[in-house]
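A short worksheet on the structure shown next.
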Amino acid sequence: MKTVVITGSARGFGFAMAKDFRRLGCNIVLSDLKQENLDKAKEELEKMQGDGKVLSVVCDVTKSEMLENLWQASVNEFGAVDIWINNAGVNQPDLPVCMLTEADIDFLLNVDLKGSINGSRIAFKHMVEQGFGQIYNIEGYGSNDAMKTGLTIYGTAKRAITYFTKALAKESENDYSGTVKVMLLTPGIMITGFLTEANGGKTKVELTDKVKKVYNILGDLPETISAYVVPRMLKNKKNNSKIAWLTTRRAFGKFFKALFKKNNYFD
Ligand SMILES: NC(=O)c1ccc[n+]([C@@H]2O[C@H](COP(=O)([O-])OP(=O)(O)OC[C@H]3O[C@@H](n4cnc5c(N)ncnc54)[C@H](O)[C@@H]3O)[C@@H](O)[C@H]2O)c1
């Protein structure tokens with residue numbers, strides 16, 4: 001039975017993946033900032049059919065000692081970790097860079113970039129010791145060099161995540177005989193609280209009608225994307241690979257479909 005650790009999994013994409021991994025028979029370690037949100041998520045998961053067990057551990061990914069504790073608590077409960085997903089992420093205020101504060105920038109980079117780097121560092125070290133394991137990092141806007149005012153810092157972090165993940169996969173191949181598989185997930189646009197919140201919920205992001213129109217066409221509920229990626233993650237054995245939902249082909253298909261059927265996620 002596989003054990004899967006997912007950071008930032010009390011809601012959104014992390015929670016959607018937790019549900020699919022549970023359905024497919026894995027042990028799940030939920031982790032997020034607040035115990036009460038984890039309790040709710042754990043209760044919901046435990047109501048579902050699944051052979052595995054569910055553990056929840058409070059972990060702020062900006063704190064290395066909490067990430068280390070997340071690893072140790074998971075191993076104490078389940079003996080090993082097969083899949084570690086650095087999913088926790090935050091959006092930025094919808095402002096040009098010159099209008100952001102240094103605190104806005106630090107906050108985002110600490111969660112989205114350093115959180116995934118440190119999560120990878122800690123999981124990698126322990127996976128080398130246990131002799132196996134897979135690490136997934138999440139791409140996002142900017143990973144493919146897309147640029148837009150209001151997403152420059154987020155895009156910088158996600159562009160760096162892509163580089164970091166590929167470089168870490170190379171390290172695994174060159175220095176550790178590929179013992180740890182390091183991979184990317186590219187979910188596309190997901191209709192979650194992430195789209196309308198920045199600074200950990202303290203700042204609201206107002207979506208213009210034009211942006212809503214694009215999200216209605218290209219976006220999906222996190223459960224739709226998770227149902228596609230999770231079985232592929234469980235099958236995937238290839239280091240330095242990527243599982244992508246919103247490919248160019250799928251995006252074209254979505255624009256075509258939108259001529260006949262319109263989604264309305266926002267009203
Ligand atoms: N929503 C999208 O359109 C989209 C698109 C591409 C990639 N992503 C990425 O997918 C991932 C999940 O996004 P989502 O849409 O589910 O967001 P979400 O806001 O719904 O969920 C993110 C979760 O991360 C948690 N979190 C925030 N800061 C944390 C911290 N310091 N430590 C631990 N947990 C923390 C939050 O409490 C929340 O439960 C993120 O990495 C995001 O960048 C999202």
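We did not get these values from a lab; they are worked out from the coordinates using the rules stated. Since the model is a prediction, treat every value here as computed from it, not as a measurement. All Cβ positions, even for glycine, are placed from backbone atoms using ideal geometry, and neighbour counts span all protein chains on display.
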The range 230-261: which trypsin sites (Lys or Arg not before Pro) are DSSP loop and have at most 14 other beta-carbon atoms within 10 angstrom?
-> LYS237, LYS238, LYS261
Please count, across the range 219-267, the pairs of lysine residues with Cα atoms under 28 Å apart that sit 8 or more places apart or on different chains.
-> 4
Degrees separating the helix 35-47 axis from the principal Cα axis of the chain, which is the longest one = 80
Under a GNM of the chain (C-alpha, springs under 10 Å), which listed residue has the highest mean-square fluctuation: MET183, MET233, MET99?
-> MET99
Which ³J(HN,Hα) values, rounded to whole Hz and listed in residue order, are derived for the range 160-165 from phi using the Karplus coefficients 6.51, -1.76 and 1.60 in 6.51 cos²θ - 1.76 cosθ + 1.60 with θ = phi - 60°, glycine and proline given as x?
-> 5, 4, 4, 4, 4, 5
Go through the range 24-34 residue by residue and turn each phi into a ³J(HN,Hα) via Karplus (6.51, -1.76, 1.60, θ = phi - 60°); whole Hz please, and just put x for glycine and proline.
-> 8, x, 8, 6, 10, 10, 7, 8, 6, 6, 10
So, in Å, what gap is there between the alpha-carbon centers of the range 180-200 and the range 214-267?
-> 12
Helix 248-257 sits at what angle to the longest principal axis of the chain, using alpha carbons and giving 0 to 90 degrees rounded to 10?
-> 50
Just report the Cα centroid separation between the range 1-57 and the range 112-167, whole Å.
-> 21
Pop out the ³J(HN,Hα) list for the range 74-86 in order, Karplus 6.51 cos²θ - 1.76 cosθ + 1.60 with θ = phi - 60°, rounded to Hz; leave Gly and Pro as x.
-> 5, 6, 4, 7, 10, x, 6, 10, 8, 10, 10, 10, 7
Provide the net charge surrounding THR62, with neighbours chosen by a C-beta distance below 12 Å and charges set as Lys +1, Arg +1, Asp -1, Glu -1.
-> -2
Per-residue ellipticity at 222 nm for the chain, helices alone: DSSP H runs ≥ 4 residues times -39500 (n - 2.57), over residue total, nearest 500 deg cm²/dmol?
-> -14500 deg cm²/dmol
Highest GNM mean-square fluctuation among PHE255, PHE132, PHE13, for the chain with Cα springs under 10 Å, belongs to PHE255
Straight-line reach from LYS204: which aspartates and glutamates have a Cα under 16 Å away, not including same-chain ones fewer than 8 places off?
-> ASP94, ASP104
For LEU95, distant residues with modelled amide H under 5 Å away = GLY150
Counted neighbours (other Cβ, 10 Å), sorted fewest up, put VAL97, VAL182 in the order VAL97, VAL182
Comparing THR152, THR203, THR62, which has the greatest mean-square fluctuation in the GNM of the chain with Cα pairs linked when under 10 Å apart?
-> THR203
